[in-house]
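Taking it in order: structure first as structure tokens, then the write-up.
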Amino acid sequence: MRKAAFVHSPGYWQAGHGPNHPMKPERLQRTYALLSAYDAFAAENSRLVPARMATEEELGLFHTREYVDAVRRLSAGDARVPAWRYGFGAGDNPVFPGMYETEGLKTGGSLVAAELVVSGQVDVAFNYAGGMHHAGPARASGFCVFNDPAVVISWLAQRGLRVVYIDIDAHHGDGVQDAFYDSDQVMTISLHESGRYLFPGSGFVRERGEGKGEGFCVNVPLPPYTFDEPYVWAFREVVVPLMRRFAPDVVVSQLGADVHRSDPLTHLMLSSAGYVAVVEMIAALAPRWIALGGGGYAIAAVPRLWTLAYGVMSEQVFPDELPAAYAATYESGTLRDQIPPSLDEQEERVVRRQVESVVLELKEIFQL
């Protein structure tokens, strides 16, 4: 059986962006509670591993020293730091007390996952609090303070490993793409709602890397209302052959749950079944696998999708009825969606045609 680890800390939800912000720490707390209620960490091949803070040196694998220092000072309430210079302010990226510690812990958790996988202790490790893929070297962006995927991939690349980064968040993984845009050691693949309709307004087919990295950056921009069938087909037609061609030593995946049909900030229409189908394909392709969380703002959907994802990683099948212990605190219901997303026939045809157009263009460009 595949050996799996779940990287966790209660510190993940000790501070947050504020009560009215979409990035609610409760989604992490609920995910851990749901997996615990299913006894997911009691299986012989499943381990619960504590996260740790990332060091300044580790954060410096991607971020500038000036930015790391600014985040620390802002977190401690230093009003002399010009927050706007580093992307902070009202709205998406507020400064909040404990920000350095909470976000540094998330990055440290992703590094723990990488250490476990590279050392051979496990085959896959899931840091559900990671996946903060928008932050730049010296700037917060899109709810993200530290870009843990970029830090982890830099750590892997330093060790001579070839990496494929697969990002299925509904938002384009722009920060990670930019970090490795000129590298042939890292292939970045992002499936997302088209930047014509959604933040950050990037991730188009023409963005293919530059210099040594030309052809190692792949974007699959999808139309709003893309549902299970065309999404899974696009993944199979584009990602699977690219993965086999690149033959990575390790896969880093960002498993954003905001692709779900109930997400309030995005317009993709995946069900839990479609989400699981994609995670299963990653599992089948990855020689070693570092899995990260990401976006997801429907508070009831996120814990269900990430529980199902960890079930794939640890080869466990959880009962469909949500456990009584979880239901008593949060909500009752089922783990898997019972009613598929509904589009009328004309809408489905339009979506299929648009997805087919993107896939055909990518096949031509990458000779798939």
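The values are calculated or read from the model by the stated rules, or taken from the named source; none is laboratory data. Treat the numbers as computed from the prediction; the structure is a model and nothing was measured. Note: ideal-geometry Cβ built from the backbone for every residue, glycine included; neighbour counts use all protein chains shown.
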For segment 167-191, name all the residues that are more than 15 Å from A135 (Cβ to Cβ) and touching a residue at least 40 places away in the same chain (Cβ under 8 Å). I168, A170, M187, I189, L191
Check off (1) of a type outside the set (A, V, I, L, M); (2) farther than 19 Å from I189 by Cβ; (3) touching a helix residue (DSSP H, G or I) at 6+ places or on another chain (Cβ under 9 Å); (4) not in a helix (DSSP H, G or I) for T307 and give me the number that stays unchecked. (4)
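Would you check if A79 is in a loop (DSSP other than H, G, I, E, B) and either at pLDDT below 95 or of a type in the set (G, A, S) (or both)?
Considered against the rule, which asks whether it is in a loop (DSSP other than H, G, I, E, B) and either at pLDDT below 95 or of a type in the set (G, A, S) (or both), A79 comes out as yes.
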Those residues that are of a type outside the set (F, W, Y) and more than 13 Å from D174 (Cβ to Cβ), I need them from segment 195-206; list them, please. R196, V205, R206
Residues that are touching a Leu at 6+ places or on another chain (Cβ under 9 Å) and modelled with pLDDT under 95, drawn from segment 332-363: P341
Scan (1) out of contact with any Phe, Trp or Tyr (no Cβ under 8 Å at 6 or more places or on another chain); (2) under 24 Å from L305 (Cα atoms) for the single condition Y128 breaks and write down its number. (1)
Candidate set: segment 9-48, residues that are surrounded by fewer than 16 Cβ atoms within 10 Å (Cβ to Cβ) and at pLDDT 95 or above; chosen: the one nearest to Y330 (Cα to Cα): E26
Report, ordered by the first and then the second residue, all pairs with beta carbons closer than 7 Å, sequence separation of six or more or different chains, a first member in segment 74-96 that is free of Cβ contacts under 8 Å to residues at least 24 places away in the same chain, and a second member that is of a type outside the set (V, I, T) and in a helix (DSSP H, G or I). V81/A70; V81/R73; V81/L74; A83/L74; G89/A83; V95/L74; V95/A83
All positions within segment 192-223 that are free of Cβ contacts under 8 Å to residues at least 60 places away in the same chain, within 16 Å of the chain's Cα centre (by Cα) and either over 21 Å from T266 (Cα atoms) or crowded, with 22+ Cβ neighbours inside 10 Å (or both): H192, G203, N219
Flagged in segment 311-325 as touching a residue at least 60 places away in the same chain (Cβ under 8 Å) and either closer than 19 Å to R47 by Cβ or crowded, with 17+ Cβ neighbours inside 10 Å (or both), in numbering order, are G311, M313, S314, E315, Q316, F318, L322, P323
Looking only at helices (runs of 4 or more DSSP H) that fall completely inside segment 82-184, which ones have 1 or more residues that are more than 15 Å from L255 (Cα to Cα) and of a type in the set (S, T, Y)? 99-118, 148-158
Kindly indicate whether any position in segment 247-266 is touching a residue at least 60 places away in the same chain (Cβ under 8 Å) and at positive phi. yes
